[in-house]
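The values are calculated or read from the model by the stated rules, or taken from the named source; none is laboratory data. For clarity, every value in this text was computed on a predicted model and none was experimentally measured. Glycine also receives a Cβ, built like all others from the backbone with ideal geometry; neighbour counts cover every protein chain displayed. Quick note on the areas: whole protein, heavy atoms, side chains included, nothing else; ligands and nucleic acids left out. Shrake-Rupley method; radii C 1.70, N 1.55, O 1.52, S 1.80 Å.
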Amino acid sequence: AQKITQTQPGMFVQEKEAVTLDCTYDTSDQSYGLFWYKQPSSGEMIFLIYQGSYDEQNATEGRYSLNFQKARKSANLVISASQLGDSAMYFCAMREWQGAQKLVFGQGTRLTINP
Amino acid sequence: DAGVIQSPRHEVTEMGQEVTLRCKPISGHDYLFWYRQTMMRGLELLIYFNNNVPIDDSGMPEDRFSAKMPNASFSTLKIQPSEPRDSAVYFCASSSGTGGIAQHFGDGTRLSIL
């Protein structure tokens, strides 16, 4: 069964607009963590933001925020005031506590920011 | 601080040859992970170590793949013999089990098997 689903293979957004990248997950664990990574065209994987399942507030890191809706099992990434340098692949990932440190990744969303 | 260091960055070799990928984790990190990324299968965890001990190798595709971590600062992923379907980007990542949350990735090794 697919643990992480990213339904948007590609998105095109105008510079300076906000963008939401969708991520839904499937787990029966009560304790888990959700992550977003960015992969620019140069290929490296860059950690962006983390949300724990027991965190009551949505995580924020600069222009990144995570819209965490536990009942709906969604963990969408919101990028405010998008920039050209935000163009990249974005991956949602989950770590289930029963799986220790194991991360499961979604298929990714390719975001393109247009000037 | 130095990040995760992988070598080589690119490797092109012929089918049947032995391939060795190397990784130096971030100092102080006690978890090390090997991932493979392909267009068809996305990012897959191959194996991970805790304190140099392999914990989960269920993602290793077959016996041609092996991984070792002889000490806290070095790991290798070996493919012998290599096949064209092994062509992929291989990432090493590390994390700290105490206090750390995210896995930090190296820049990857782009492997092409001809």
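A few notes on this one:
- Based on C-alpha pairs under 8 angstrom that are at least 6 apart in sequence, the range A:1-55 has a relative contact order of 29 percent.
- Taking a sphere under 15 Å around the Cβ of A:Gln69 and counting the other residues whose Cβ falls inside, with K and R at +1 and D and E at -1, yields a net charge of -1.
- Candidates A:Phe68, A:Phe35, A:Phe12: whichever shows maximal mean-square fluctuation once chain A is modelled as a Gaussian network with Cα springs under 10 Å: A:Phe12
- Interface residues in the range B:68-114 - accessible area drops by 40 Å² or more relative to the isolated chain, probe 1.4 Å: B:Ile101, B:Ala102, B:Gln103, B:Phe105
- Percent carbon-and-sulfur accessible area, the protein assembly as shown, ignoring ligands, DNA and RNA, probe 1.4 Å: 48
- With all protein chains kept in place, the per residue accessible area of the protein assembly as shown amounts to 49 square angstrom at a probe of 1.4 angstrom.
- The A-B contact accounts for approximately 1500 Å² of buried accessible area, totalled over both chains at a 1.4 Å probe radius.
- Local electrostatic count, A:Ala18, Cβ distance below 12 Å [Lys/Arg +1, Asp/Glu -1]: -1
- The mean number of partner chain beta-carbon atoms within 10 angstrom of a residue's beta-carbon across peptide A:36-43 is 3.
- Dipole size of the range A:19-83 about its Cα centre, with +1 on Lys/Arg Cβ and -1 on Asp/Glu Cβ: approximately 160 debye, rounded to the nearest 20.
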